[in-house]
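Okay, structure first, notes after.
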Amino acid sequence: RCVCSATAVPEPTVTFDLPSRNVTVTEGHRDYTVTTPGQGTSGVVTVTGVLTLRGALDPQLAVLCSAHNPHGSVRQQLRFHHPGGLVWAKVGPVGAVVAFAIVIALVCYLSQSRRK
C-alpha cells in the first residue's frame, strides 16, 4: 500500500504515478481509495489517497505521489520497500531470537559430539 496525504485550500486532488509502467492512477481506479475527513479551519482540507499494488512487484518500482489544486502542484517520490527484502524483517524480532537460539544449540551439540 502506498499512502499519500495532502492538505490545501481549496481541496487538492491526489494522484499516483508509476513512471516505469507509464501509468497514472486517479480516483475511480479499482486499486485507489481516497478519503476526505472533512474541512478544517479556514477551509483547509486534507485528502488521503491509498494505492494498493498487487501481484509481482519490480524491486526498482518508483511510485510518485502528486497533489494539485488551482494554486499549484507538488510531487514526491514515495519510499518503497520491496517485500522480498531482508529475511529478518519478515520473521520479526521473536523469530530472529528463536533462530539465534537454534544456532547456539546446534554449535553446542556439535562441540559436545566432537569431544566424545
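The values are calculated or read from the model by the stated rules, or taken from the named source; none is laboratory data. This structure is a prediction, so every number in the text was calculated from the model and none was measured. Each accessible area value is taken on the protein alone, full model and side chains, heavy atoms only, with ligands, DNA and RNA left out. Shrake-Rupley method; radii C 1.70, N 1.55, O 1.52, S 1.80 Å.
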### List 110, 51, ordered by accessible area with a 1.4 Å probe, largest first
110, 51
### Message
Just to verify a number: what accessible area does residue 20 come out at with the full protein assembly present, 1.4 Å probe, Å² rounded to tens?
### Response
80 Å²
### Summary
Taking a ≥ b ≥ c as the square roots of the eigenvalues of the Cα gyration tensor, with a/c under 1.5 meaning rounded and otherwise prolate when a/b exceeds b/c and oblate if not, the range 2-78 is prolate
